[in-house]
Each structure stands twice: as structure tokens, then as C-alpha cells.
Amino acid sequence: MADELIESILNESRSFAPPKDFIDQANIDEEKVNNLKKQAKENHIQYWATLAKDQLEWFQPFKNILDESKAPNYEWFNDGVINASYNSLDVNASKSPNKTAIIFETEDGKSEHITYKELLSKTSQFANGLKKLGVEPMDRVVIYMPMCPEAVIAMQACARIGAIHSVVFGGFSSNALKDRIEDAKSKIVITADGAYRGGNIIPLKQATDEAVSQSSYKVENVVVFQRTGEKIEFNEKRDVWWRDLVSNCDSNCDPEPLNAEHPLFILYTSGSTGKPKGIQHSTAGYILHAKTTFSWVFDIKNDDVFWCTADVGWITGHTYVAYGPLLAGATILIYEGAPTFPDVGRFWDICEKHAVTIFYTAPTAIRALMKHGDEIPQSYDLSSLRLLGTVGEPINPEAWMWYHRIIGQERCPIVDTWWQTETGGAMISPLPGITETKPGSCTTPMPGIDVDIVDELGEPVGEANQGGYLVIKKPWPSMLRTIWGDNQRYIDTYWEKFDGRYYVAGDSAYRDEDGCHWIMGRIDDVLNVSGHRLGTMEVESALVANEMVAEAAVVGRPHEVKGESIFAFVVTKGERPIGEDAKKMQEALREWVAEQVGAIAKPDEIRFSDNLPKTRSGKIMRRLLRVIARDEAITQDISTLEDESIIKQLQGED
Ligand code: WTA
């Protein structure tokens, strides 16, 4: 696209109104949203109560709405009884049993349709299988699966019987899996014999075996779904094939009546320490926000085919694959493999093949595909698409415009949804039939979500275009409840900064004169690499766990496709490696980090120095390291540096 056009968009902050025919058919119109916002403003608590009654099926209705007695451990609807799987599957299987719930596209191009009735019966059967293994309500179940319908079935089956699932992304290493099994104390792990990815097979079972054998917590059973047919080690005493487990199980399984506050799942995410936090969500509050935001933001209709490209290992794959769409009775597409297999047209090929109408992905994927030019998407029929979405990181206006023009053909509104693992569902996002969008802005908060931007003292910045901390001022039903096993960390991380007054998201942001929100980035040591959250400390801990490494500091550096890349400064125990030795060591350390955490955490660059820059009080000067990693000129005062001579080494010039 012409640079001048991009320039003009940036300068004028041009906005895009929804196309007229989209407005005419949208689920949420101006009047409806104003009404919702008015209700929320007049009586925040009653607003949520009305939604919860209207949107969810309760086994026993709630009387309590918001319980603040243990704040900031807020509880919602805590005398109500409900089940998430019942609300997703039974409700929709009875309304439209033969409607397709899941279209599954395999990496080698086969596809399969599963109806709501079938999904309910498969889930119930597997739930009975889990019961046979002795899984009870509150037990934790780790799911380490390929992106296939069985991953969703496993999650829904846990929800059905009240077990708490903890899905671990299949790209994480055995070591990361082990940490999560230990932290959650999970007695069951559900995995597969392998996952297809980019034409290769990822040996999930082998990683599970390593994790389980090294875990200090005893895993009783490993359930293995056969996806590839690869030969695997099979421990007869511990392992059980999925198909054997379900073979004699009834395909009816009564959904467990659970308290609204019953934990639905734990999902680990990165924070500012080396140890990922187990974000714990509740049942009713979470599914309420998942369902309503899904219906509003994605304007879902009965014949839509919704495709969210996120893996179930991330929150987006929880809320907008495994729960939100199924709660709303929608048809989703699940794609097993890599976006570039067998070529970079694969996403568009899938959109054409299955007549996808709503497509939701991460800016990093858009940027990666944009690099290959306009001709590839233009060679597919993308006329079925009517709405596009993005999530996970700020989208740069260039990528937004490409998405708008080439993929959406200027016909599809784009919903840029801001939210987090902790918030459970979309918090700030356009509503596609109403909101004028601006490339790079996630626009305005959802009804009932009270967002503000505050200064260091917690006072609203007030003025437009003034940056500050993004905070949520009132509790909302799908907020995280705690950090699994570490409530103090929950309080310290999200509430301490402003004495419990607001939820602190950890992002900085500003609001423009039209009230649109712009996310500027994280204020903590969390990176956003290819749309994945990663703590710099996690990578640092992995590096220093290597016997050759004495010290390490990791910072982010802006990256054209990934958003941010990982830059590591390392001090080795012996002599500082140079030349060929340095290259070998870099490779060895990159592999080491992949083994410790997963391939997504591999540093893009590693530089060796004799020391790390520290202040006289011994603190690593991270701001300086960020400047160096970006190849920017050093303007800050380095006179407090203990050893100025290392600057050249850090800059890679010595
Ligand atoms: C970032 C993903 C800008 C943000 C759902 C947040 C975004 C973190 C957006 C959460 C967006 C997410 N625009 N930044 N639309 N969406 N982020 O927990 O920094 O994986 O705090 O949840 O991603 O990442 P998480």
C-alpha cells in the first residue's frame, strides 16, 4: 500500500464506519447498546444479574449477585448452581441437535463435521471415562493435546464432571509441562501420540512421559488419544488409550450440579517472575462473559462459520473456541496445523473451502502472511467473510489496512479486541455494527466494563491522549478469582499498586479525544512474542539454569513480524566466548531454552559480555539494555555503571 495512505491514516487517525448493510443486520444496534450501557451505569450489579438470568441456564437460580466480603477475591452469583458443559452442549443439542458444532480441518486437508448431538455424546462418554479413572469434582486434569476436537471434548468433559482443567499449549516443552503438573497437582494428564505441525510430528507423548517421570507429584494416569498412529512408549500400568477408556462408557453423563464459583479451569500465564501463574477462573461468571461477548463482538448468526485460529492452549482458544461459541450454539472451525502448510495460502484456502464467515486471528499472523504479498489471498474466494477480528497485541496500522483491504475487501468490519488471560473475555472492543474503528485502536469498553486510565497515584488522567495505567474500576463476572495456590501473589500483582481500588491490567494506554483506547504495551517485564505472552524472567531463569551461564538479562526488541523478539545478554562462567565459540554457545543456549520452556521462548539474539551493567547498588540496568538491544544511541547517564568498558561488548562491537 502507498506510504502516503498509511501516513495519512496515522496522521489523521482516520476512522472507518461499519458498512451500511452490516449495520442493518447487526445483532447489537445503537439503541440496544445504549440501553445496556445505561443499565450498567445505573446499577452495575443488577445489570450483570439480569444478563446472568437471561443468558444462562441455572439448576438453581442465584440470589446473591456480587459478594465483596472477601475483596479483592470477589465472588459472583455464589449461591447459584450451574454447569458449563450443560450450558454449552445439552442446551444446544436439544435446540438444534443436527447443527454442526465443529468443522475439523486436518493438516493434510481432510475434514470432518461434528454435530451438537454428537459432541454432547462424545463429551459425555469421555466424562464417564474420566470418572472411571476416579476423577472427581475439584481434581485437576492437565490437557496437553494437538489442536483437534478431542482437545475441546476433554475440556468440556472436565467441566461436565466438575474437574478443573489446565490446558498446556502443545508447543511447551516437557519441562514446562512438568512445572505445570506439579503446581496444579494433577493426577491425570490427557495427551496424544503426536501432533501434526508443518508436516512434522510433534512427539507429545514422549514429552508427557518425560514430564511425568520427573514430576514430584505422582500422576496416576495418562490418557492417550491416537492422532498419528506413530509408535510410542506405552506404560501399561499408567497409560490408557482414549478409545479403550470410552469403549464401554455410556454416552449419557449427567452434568454435575456445581456452585457458580466452582473453578472451571486454571491456565498458566507469564508474569514478572520466572514462575508462571495459574490463573483461576470460575464457572458462571466466566461463561456469562464468554457467551455474551462472543455474541456481541462477533455478531454471531445461526449460519455463521466462526474460525478463531488460536490454540486451546491459550485463553483465546478457551473463550472463543472451547466455550463462547459452543455456549452460543455456533459452528466453529478448528484447524490442526501450521498456517503455512503446505504453503502460505493455507488460511485463505480454509476460509474458501469451509465458507468461513468470521475470522479471528493475531496481528503477528497477519503480518507474517502480509509479507507474502496480495496475490496469494487474492487467488482465493474470500467472499464468504463478513467480519474480521484481531487479538493479543496492538495491530500496526499497515497490517490493519492490509487486513481490511485484501482480506476483508473493504466489506468486513474489523474488531480489535483487547483482553487478557485474567479478564476471561473481551473487555475493550468495537461492536461491529456500531463502532467506527480506527486502525490500531481497540476503541471502547464492553457494556458493564468500567475502564479508566490513571496516573502513578491512581488518579484518572482525565485528559485525552495522556498515557497511564489501564485499570478496571469495578469487578466483573469473568475476572480471575485468584492465582492457583498463591492468593498473595494475586493480591500483589493485580491490586496492591492502588490499594485494592482497581484491577491493574499491567498495560499502559491512552484514550483519544473520541474516547477510543490505544494500548501502548506492558508496564511489567512481560513480552508479547508472536502474540504469546512470555516473561523475561522465565527466559532468564531458563538461561541461568544452564551450567555454563553465570548471569543473564533478557529484554524485548521490536520485531516486524513477531511484534517483539527476545534479546538475551549472557555472562558465562568461564571466559567470554568469541567468534566461532560464541556462535556455538548461542546455538546451544537457544536449544537449551527451547527444552526448558518451549520453542517460542528461544532467544532471537544472544550477546555475551564479561559483566552485566549494574548500578552501584547492584541492580541490572534493564532500561540501558533495552536501548542497546534496539541499537539506539545511549542517552542515559551511565556514570553510575560499575564497569563502563562492557558497553562495547554489550553492543556487540568488541
Ligand atoms: C496484549 C490474550 C493491544 C496486552 C487475549 C494484554 C493487546 C496481553 C490486545 C494479554 C489488543 C491483548 N491490543 N494489546 N487487542 N489484546 N493484548 O493473557 O498487553 O495472552 O495485557 O491474552 O496481550 O495477553 P494474554
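Remarks
- Taken over segment 566-579, the residue count meeting the criterion of being open to solvent by less than 10 Å² (accessible area, probe 1.4 Å) and of a type outside the set (A, V, I, L, M) is 2.
- Look at segment 412-426: where a residue is more than 10 Å from Ser478 (Cβ to Cβ), no partner that is within 7 Å of the ligand (Cβ to nearest atom) and among the acidic types (Asp, Glu) sits 6+ places away or on another chain with Cβ atoms under 7 Å.
- Only one of the numbered conditions (1) of a type in the set (Phe, Trp, Tyr); (2) more than 12 Å from the ligand (Cβ to nearest atom); (3) touching a His at 6+ places or on another chain (Cβ under 8 Å) is violated by Trp484, and that is (3).
- If you go through segment 580-620 and keep only what is of a type in the set (Ser, Thr, Tyr) and either surrounded by 14 or more Cβ atoms within 10 Å (Cβ to Cβ) or outside the structural domain of Glu538 (by TED's automatic domain parsing) (or both), you end up with just Ser609.
- Selection of segment 486-526 for residues being in contact with a helix residue (DSSP H, G or I) (Cβ under 6 Å, 6 or more places away or on another chain) and among the β-branched types (Val, Ile, Thr) yields only Val504.
- Restricting attention to segment 441-478, the residues being assigned to a loop (DSSP other than H, G, I, E, B), open to solvent by less than 10 Å² (accessible area, probe 1.4 Å) and under 19 Å from Asp512 (Cβ atoms) number 3.
- Scoring Arg227 on the criteria (1) of a type in the set (Lys, Arg); (2) without any contact (Cβ under 8 Å) to a residue 60 or more places away in the chain; (3) within 22 Å of Gly317 (Cα to Cα); (4) open to solvent by 40 Å² or more (accessible area, probe 1.4 Å) leaves a single failure, condition (2).
- Every pair of residues 6+ apart whose Cβ atoms lie under 8 Å, when the first sits in segment 67-81 and is within 15 Å of Ile491 (Cβ to Cβ) while the second is basic (Lys, Arg): Asn73/Arg481; Tyr74/Arg481
- Flag if Met537 is part of a strand (DSSP E or B) and open to solvent by 40 Å² or more (accessible area, probe 1.4 Å): no
- The lone exception for Ala362 - which of (1) open to solvent by 10 Å² or more (accessible area, probe 1.4 Å); (2) more than 16 Å from the ligand (Cβ to nearest atom) it fails: (2)
- Qualifying residues in segment 376-392 (those that are among the hydrophobic types (A, V, I, L, M, F, W, C) and in contact with a Cys (Cβ under 7 Å, 6 or more places away or on another chain)) - the one surrounded by the most Cβ atoms within 10 Å (Cβ to Cβ): Leu387
- The residues of segment 487-509 that are surrounded by fewer than 16 Cβ atoms within 10 Å (Cβ to Cβ), touching a residue at least 24 places away in the same chain (Cβ under 8 Å) and more than 23 Å from Ile45 (Cα to Cα) amount to a single one, Asn487.
- Residue in segment 368-375 that is open to solvent by 30 Å² or more (accessible area, probe 1.4 Å), closer than 26 Å to Asn200 by Cβ, part of a helix (DSSP H, G or I) and not polar (S, T, N, Q) present: yes
- For segment 409-436, the set of residues classified as touching a Phe, Trp or Tyr at 6+ places or on another chain (Cβ under 7 Å), closer than 20 Å to Leu470 by Cα and either polar (S, T, N, Q) or assigned to a loop (DSSP other than H, G, I, E, B) (or both) consists of Gly424, Gly425, Ala426, Met427, Ser429, listed by residue number.
- Qualifying residue in segment 94-117 (condition: in contact with a helix residue (DSSP H, G or I) (Cβ under 6 Å, 6 or more places away or on another chain) and within 30 Å of Pro475 (Cβ to Cβ)): no
- Scope segment 410-430; condition open to solvent by 10 Å² or more (accessible area, probe 1.4 Å) and more than 10 Å from the ligand (Cβ to nearest atom); matching residues: Glu410, Arg411, Pro413
- Residue check for Val391: touching a Ser or Thr at 6+ places or on another chain (Cβ under 7 Å), of a type in the set (Val, Ile, Thr), within 16 Å of the ligand (Cβ to nearest atom) and touching a residue at least 40 places away in the same chain (Cβ under 8 Å): yes
- If the condition is being surrounded by 20 or more Cβ atoms within 10 Å (Cβ to Cβ), part of a loop (DSSP other than H, G, I, E, B) and within 10 Å of the ligand (Cβ to nearest atom), then segment 510-532 contributes only Gly531.
- Test: residue in segment 309-318 that is open to solvent by 10 Å² or more (accessible area, probe 1.4 Å) and away from the ligand (no atom under 16 Å from the Cβ): no
- Residue within segment 241-257 that is open to solvent by less than 10 Å² (accessible area, probe 1.4 Å), under 26 Å from the mean Cα position of the chain (by Cα) and touching a residue at least 60 places away in the same chain (Cβ under 8 Å) present: no
- Output for segment 376-397, where each listed residue is part of a loop (DSSP other than H, G, I, E, B) and small (Gly, Ala, Ser): Ser379, Ser383, Ser384, Gly392
The values are calculated or read from the model by the stated rules, or taken from the named source; none is laboratory data. Everything numeric in this text was worked out from a predicted model, so none of it was measured. Every residue, glycine as well, gets a Cβ built from its backbone with ideal geometry; the counts of neighbours run over all protein chains shown. We work out accessible area using only protein heavy atoms, side chains counted, and drop any ligands, DNA or RNA first. Shrake-Rupley method; radii C 1.70, N 1.55, O 1.52, S 1.80 Å.
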